[in-house]
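> Below: one structure in structure tokens.
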Amino acid sequence: MWHCGDEKVKGLLGQNEAVYAIWDESVLEKSESLKAEGLCAVRSTQAARLKRIKPGYFNPPTDRPIFVPGINWLQILVTGMQGTPVLAHLCWWTTRGEKASTKREEEGKILKTVLKLWGRKVIHIWDCGLAGSPWTKLALDHQLRFILRWNKNYHLIGPDGRKQEVWKIVRGKRSWEYRLLWDARRRCYRKTGVIAPPIHVPDDERALFLVISRPGSGRKPWYLITTEPVYTAEQARQIIFAYARRWQIEMSLRFTKSEMAFESPRLLQWEARLKFLLIAALAYAFLLSLLSNINFLFAFLSRYCHRTGKWSRDISAPLYPLRLALSRLWLDHRPHSLPTLISG
């Protein structure tokens, strides 16, 4: 997978396009398991959804998170502003037992590999899970290029030299520019303003830029800190568009959990479970590689997963019908090795 990611980076650089390495974390929840090796406490996102208040039903308490048995998960996609992403890395770790490690240890290992392969050729995109001075200083020490979404309650040093919460730095300041942008998730236009003052993190004098996207209509703004120079509204919008590409990895996590059954292995041994998940990860990487050939994809889906509904024609999520089409292909034309594997 690292090799495929490196090939994607070289291809995009050969076309003089910006390259983005999108990081994201998730958890593999095994809420009913107790005997499996390597399980640790993970924050349940499924429980958070179930705790949402439903009018007319019992209102559960919502002030405290729920933790369940599971393992931690980190994934990296390599992509440009357009085109198909490539799975560059996927790993799991635990904080308990013989295989115990910490989040920063695992991220440090990946950071060394990324520096060795790409250096400053790519721009790393991180979500709020990595926000904070320790990780930001580590990235600056390694001279990484990055875009990091900052928590609005975390502190930064503004242009006036005062340390304050990030939302207070631009309080009362007008946006540089407004523009109507298409919201692909909710399929509507939004009047969005941008502003980008220079900042730096506390106890560190290295200059950064704070890019704020103000979508209006009651939507929460984005606070993005970056090492890229931002002096104009157009440069600020490029940073916002680049961070918006992070939605690719959110769709990737949803697909692997639902369609690739990453949360379904019933194995007690850590090594056996890890091998099973890595095989599934290779299958997912193979599906992503098929998306780059548009002519093949159109002909293949038309034959084995033909859909005529308006939603199926308009939606831009070909991975789901592609997986279904492959399963139908193998039912019609079984691979030669399949009977041997079954008999063995």
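Computed from the coordinates by the stated procedures, all read-outs in this text should not be read as laboratory data. Being a predicted model, the structure only gives us computed values, none of them experimental. Cβ coordinates were reconstructed from backbone atoms using ideal geometry, including for glycine residues, and neighbour counts include every protein chain displayed.
> Evaluate the stretch 1-88: find the radius of gyration of its Cα atoms, find its Kirkwood radius, and give the ratio Rg to Rh.
On the Cα set of the stretch 1-88, Rg over Rh gives 1.20.
> Compute the normalised compactness of the stretch 246-287: alpha-carbon radius of gyration over 2.2 N^0.38 Å, N being the residue count.
1.21
> Another one. Which value, in Å³ per residue, describes the convex hull spanned by the Cα atoms of the stretch 44-101?
157 Å³
> What FRET efficiency comes out for Thr308 versus Cys188 if R0 is 25 angstrom and r is the Cβ-Cβ distance? Round to the nearest 0.05.
In this case the efficiency is close to 0.45.
> Could you pull out the longest piece of the chain with no exposed loop chymotrypsin sites (Phe, Trp or Tyr not before Pro) in it, calling a site exposed if DSSP puts it outside H, G, I, E, B and it has at most 11 other Cβ atoms within 10 Å?
Longest gap between qualifying sites, sites excluded: 59-230.
> What is the distance, in nm, between label points placed 7 Å from the Cα along the Cα-to-Cβ direction at Cys4 and at Thr102?
3.3 nm
> Please compute the alpha carbon radius of gyration of the stretch 94-146, then divide it by the globular-protein estimate 2.2 N^0.38 Å. Two decimals is fine.
In units of the 2.2 N^0.38 Å rule of thumb, it is 1.24.
> What list of ³J(HN,Hα) couplings, whole Hz, do you get for the stretch 45-54 from phi and the Karplus terms 6.51, -1.76, 1.60, once you set θ to phi - 60° and write x for glycine and proline?
7, 5, 5, 4, 5, 5, 7, 5, 5, 10
> Among Leu208, Thr45, Ala285, whose Cα sits farthest toward the positive end of the charge dipole of the chain (+1 at Cβ of Lys/Arg, -1 at Cβ of Asp/Glu, about the Cα centre)?
The listed residue farthest towards the positive side: Thr45.
> Can you list the residues, at least 5 places off or on another chain, whose amide H is less than 5 Å from the amide H of Val42, using H built in the peptide plane?
Long-range HN contacts for Val42: Val68, Gly70.
> If you fit an axis through the alpha-carbon atoms of helix 270-290 and take the longest principal axis of the Cα set of the chain, what angle between them do you get, 0 to 90°, nearest 10?
Around 80 degrees separate the two axes.
> For the stretch 152-224, which GluC sites (Glu not before Pro) are in a loop by DSSP, counting at most 12 other Cβ atoms within 10 Å? Walk me through the numbers on the way to the answer.
On the way: sites: Glu165, Glu177, Glu205; in loops: Glu205.
The qualifying sites are Glu205.
> How big is the equivalent ellipsoid of the chain along its three axes, where each semi-axis is √(5λ) from the Cα gyration tensor, reported in whole Å from largest to smallest?
In descending order the semi-axes read 36, 26, 23 Å.
> Mind checking the stretch 42-135 for trypsin sites (Lys or Arg not before Pro) that DSSP puts in a loop (not H, G, I, E or B) and that have at most 11 other Cβ atoms within 10 Å?
Counting only loop positions with at most 11 other Cβ atoms within 10 Å, the trypsin sites (Lys or Arg not before Pro) in the stretch 42-135 are Arg52, Arg120.
> Also, I was wondering about something else. Enumerate the amide H contacts of Trp93 below 5 Å, restricted to partners 5 or more residues apart or on another chain; note that Pro and chain-start residues carry no placed amide H.
Asn72, Trp73
> Report the one residue of Ile110, Ala131, Val170 whose Cα lies farthest in the direction of the positive end of the charge dipole of the stretch 81-189 (charges on C-beta: Lys and Arg +1, Asp and Glu -1; origin at the Cα centre).
About the Cα centre, the residue reaching furthest to the positive side is Val170.
> I've got another one for you. In percent, what relative contact order does the chain have, based on Cα pairs under 8 Å that are 6 or more apart in sequence?
Averaging sequence separation for qualifying contacts and normalising by length gives 14 percent for the chain.
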